[in-house]
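The values are calculated or read from the model by the stated rules, or taken from the named source; none is laboratory data. None of these values were measured; they are calculated from a predicted model. Don't worry about glycine lacking a Cβ; one is built from the backbone with ideal geometry, like all the others, and counts go over all protein chains shown. These area figures cover heavy atoms from the full protein model, side chains too; ligands, DNA and RNA do not enter into them. Shrake-Rupley method; radii C 1.70, N 1.55, O 1.52, S 1.80 Å.
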Amino acid sequence: MAISATTFQTQAKELTLMLDWFVNPNHGPIIIAQQNGLFQEQGLDINIQEPADPSMPAKLVAAGKTDLAISYQTSLTIDVAAGLPLIRASTLIATPLNTLMVLDKKEIQTLADLKGKTIGIAIAGNEEATIGTMLKTAGVDFSEVKIVNVGWALSSSLASGKVDAIWGGLRNFESNQLALEGYQARAFFPEEHGVPPYDELVVVANKKQHNAEEIKKFNKALEKATQYIINHPDQAWKTFISYSPDTLNNELNKLAWRDTLPRFALRPAAVDQARYDQFADFMYQHKIITSAPKAKDFVPAF
């Protein structure tokens, strides 16, 4: 006997998913799964929320006040090392997005050319580990550059010449934003200059309260959504912007959508624990964390 829509809705398990920021192309698989009914197909009713404070989503999961949240591998490792009961449930963006970015000018062709220059950052805390490691591969000591906190004005600070480079500009957003404003950027990628590769965006759940079967269903919906995006990128873009046409349908998001596609995790449930251990060890060695959590304790396989 066919199940009616009403019956299906009453059977669906409601989960709250808090994003890390307002909806943008980085959240493509989540929005496609929502718009194409893939969560509902798995018996899930996902309540997508945007945070009032981007620093809070993972903390709310740890406190048991929301079911799932978008976070970052770097943040998750710091949170777990600090004792928060969090686990990685899914991978959304499977490569780093952060870059060390400069304007494409003759005086800065390589990382070595940053010696004596000023680098703008948005959030202080681990720049010596990341920027310092990258510069070291070019024979430049971290003490030989000047670090300036420019807040979230990364692109404008670079374009105006306030700084010579920025750390934290995303390869799928800031480079396109600068291009739209008439500036050509050059990016140096951390994973090519000594920083271990990592997952940029992950979904986190509460270690003590999560439901493994629900997470498996969530990941299956994400995987189907990602397959659809890869197979039908143009139609998927139209579906994505239909979620909120007034805010999503613009040239920057369209360019970012194109550049984000190859970075979505094709297997959101898949995990490489050795890769997580390597990055945790890197953070520990550079004193970002005081102890290195083991992946087996916070990166389970679903």
* **Search result, residues across segment 266-291 that are assigned to a loop (DSSP other than H, G, I, E, B) and open to solvent by 30 Å² or more (accessible area, probe 1.4 Å)** => LEU266, ARG267, ALA270, VAL271, ASP272, HIS286, LYS287, ILE288, THR290, SER291
* Restricting attention to segment 53-84, report how many residues are surrounded by fewer than 18 Cβ atoms within 10 Å (Cβ to Cβ) and acidic (Asp, Glu). => 1
* To do: Could you please let me know if TRP257 is closer than 25 Å to PHE173 by Cβ, among the aromatic types (Phe, Trp, Tyr) and touching a residue at least 60 places away in the same chain (Cβ under 8 Å)?
  => yes
* Asked: From the residues in segment 118-131 that are open to solvent by 10 Å² or more (accessible area, probe 1.4 Å) and under 27 Å from ASP281 (Cα atoms), which one is modelled with the highest pLDDT?
  -> THR130
* Structure fact -> For segment 173-210 the number of residues that are in a loop (DSSP other than H, G, I, E, B) and touching a residue at least 12 places away in the same chain (Cβ under 8 Å) is 17
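Taking the conditions exactly as written (surrounded by 19 or more Cβ atoms within 10 Å (Cβ to Cβ), out of contact with any Pro (no Cβ under 8 Å at 6 or more places or on another chain), under 18 Å from HIS27 (Cβ atoms) and modelled with pLDDT of 95 or more), does TRP257 satisfy them or not?
No: the conditions fail for TRP257.
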* When PHE173 is evaluated against the numbered criteria (1) buried (at least 22 other Cβ atoms within 10 Å of the Cβ); (2) touching a helix residue (DSSP H, G or I) at 6+ places or on another chain (Cβ under 8 Å), which criterion, by number, is the only one it fails? -> (1)
